[in-house]
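For reference, the structure discussed in these notes is given below.
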Amino acid sequence: MAPIWSLLAVTALILQAIAAPYVTGNSALTSNLKDIPSVGLGTWLSDRDKVADAVEYALKAGYRHIDAAWIYKNEDKTGQGLSAALKSTKSLSRKDIWITSKLWNAHHRPKEATAAIQETLTNLAVDYLDLYLIHWPVAFVPHKGDELDKSVSLIDTWRTMENLVRANLTRYIGISNFARHEVEEILEECVICPYAHEFETHPYLQQGEFVEWHKGMGMKVIAYSPFGDTNPTYRGSHIEDDGKKKQTLLKDPFWVELAEKKNSTVAQAVLGWGLERKTVVIPKSTSKEHLAENLKAADRIVEFTFEEMEEIGKRDKKTRMNNPGRAWGVDLFSDLDDPTKLEHDEVFGDGDL
Ligand SMILES: NC(=O)c1ccc[n+]([C@@H]2O[C@H](COP(=O)([O-])OP(=O)(O)OC[C@H]3O[C@@H](n4cnc5c(N)ncnc54)[C@H](OP(=O)(O)O)[C@@H]3O)[C@@H](O)[C@H]2O)c1
């Protein structure tokens, strides 16, 4: 009979495998960061004229995580800010910073994907990414605008992503804007499995069950648009009578009162809620004041009791701000909250998401 200690060791190995079966990175690329930093800097819609300064300022102030994307058309400026911070801060090295970027829809085929990540690396002036995400579960035919590419499946694209890890171009790979059934499809087939899923979640689109499910699967959740409808291209259901955009979340009386109680700003309270539920938050800003304010949330200056979390949970509006599916002719988020309510034109203006 096997000794008891060997049975225990086998049980421990099985439990370990069950607890974290899905995270596989590239061990040839090392980092000083054990995990993705809980507060990152978003760069979608950051002005090309402002983003280099914002990134440099942010890194010097203590940010260690930048969220970029090829389609934001400002990666080169983001890279300038990164290089400037590295050059002027002796104690800071590339390995201290987590850099995420994303594979655009028109680049899902292997040749295009390899060229796209190379371009992103050149733009950002780095040798490797920490995390590369499939931006949307949608493939376009290269050089044909929004024409859908039926020849590439999500699994084909995932295999291409796995090869980018093997080619030492990124430490981890992940997904963004996937419905649950699409995440499951990847999890069933992956050899190198997703480190994280980046999707829209904030107090008005909480998706608590979906967030918890990822944790159970050993995947990080990166919460985008953490300030809900504050992104100026989100209009949708938040238009005031005079036709002006109404930014409800950061002015929501419930949140204003909660922030007062916590001696924080509303933005810090909202980010604190995201951190309390163990999501990674990536607020965008090019304002020094906001950058500093948002970073303070990482110190967990705002914490919530169980009762407060329950109360916030009751105020979920289940309102999605970002859904370009109709414009693309694709059924996005089909098994999640608010998959189809918003028309494309109502959701955002001319931003390159
Ligand atoms: N994977 C995806 O498909 C996807 C989609 C959307 C977003 N994202 C990522 O997530 C990031 C964040 O989301 P987001 O840009 O949509 O929206 P957000 O970060 O929730 O909101 C950004 C807006 O909030 C303002 N702001 C920032 N800090 C503030 C503060 N302390 N007080 C008041 N206003 C403040 C910013 O203006 P100022 O610049 O003037 O501060 C900006 O107008 C993006 O930048 C992008 O990196 C990813």
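Read-outs: derived from the displayed coordinates by stated rules, not from any lab. All of these numbers come straight from a predicted model, not from anything done at the bench. In this analysis, Cβ positions are derived from the backbone assuming ideal geometry, glycine residues included, and neighbour counts consider all displayed protein chains.
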Under a crude label model (7 Å from the Cα following the beta-carbon direction), how far is E260 from D335 in nanometres? 4.4 nm
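Do you know the relative contact order of the stretch 26-346, to the nearest whole percent, from alpha carbon pairs under 8 angstrom that are 6+ apart? Please report the intermediate quantities before stating the final value.
Working: 591 pairs, mean separation 57.4, N = 321.
Relative CO of the stretch 26-346 lands at 18 percent.
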With the cut-off at 20 Å, tell me which of the pairs K50/K251; K60/K95; K262/K318; K60/K296 have Cα atoms farther apart than that. K50/K251; K262/K318
Distance (nanometres) between label positions extended 7 Å along Cα→Cβ at E184 and T233: 3.2 nm
Test of understanding: what is the full-extension gain from A61 to A28, defined as 0.36 nm times their sequence separation minus their Cα-Cα distance? 8.9 nm
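Just to confirm the filter: which trypsin sites (Lys or Arg not before Pro) across the stretch 83-136 are DSSP coil and have at most 15 other Cβ within 10 angstrom of their Cβ? Mind dumping the intermediate values first?
Details: sites: K87, K90, R94, K95, K102, K111; in loops: K90.
Within the stretch 83-136, the qualifying trypsin sites (Lys or Arg not before Pro) (loop, at most 15 other Cβ atoms within 10 Å) are K90.
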Label model pair D35, E119: point-to-point distance (7 angstrom along the Cα→beta-carbon line) in nm is 3.5 nm
Any chance you could run the full-extension gain for D47 through S91? It's 0.36 nm times the residue separation minus the Cα-Cα distance, nm to one decimal. 13.0 nm
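Students often check this: by mean Cβ neighbours within 10 Å, which of 218-228, 322-332 ranks highest, and how do the rest follow? Walk me through the intermediate numbers first.
Numbers: 218-228: 23.8, 322-332: 17.5.
The peptides rank, most packed first, as 218-228, 322-332.
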So for each of 65-72, 263-270, 312-319, 205-212 I average, over its residues, the number of other beta carbons within 10 Å; can you give me the resulting order with the highest mean first? 65-72, 263-270, 205-212, 312-319
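Provide the FRET efficiency to the nearest 0.05 for the K111-K314 pair, computing r from the beta carbons and using R0 = 56 Å. Walk me through the intermediate numbers first.
Values: r = 50 Å, r/R0 = 0.89.
With a Förster radius of 56 Å, E is 0.65.
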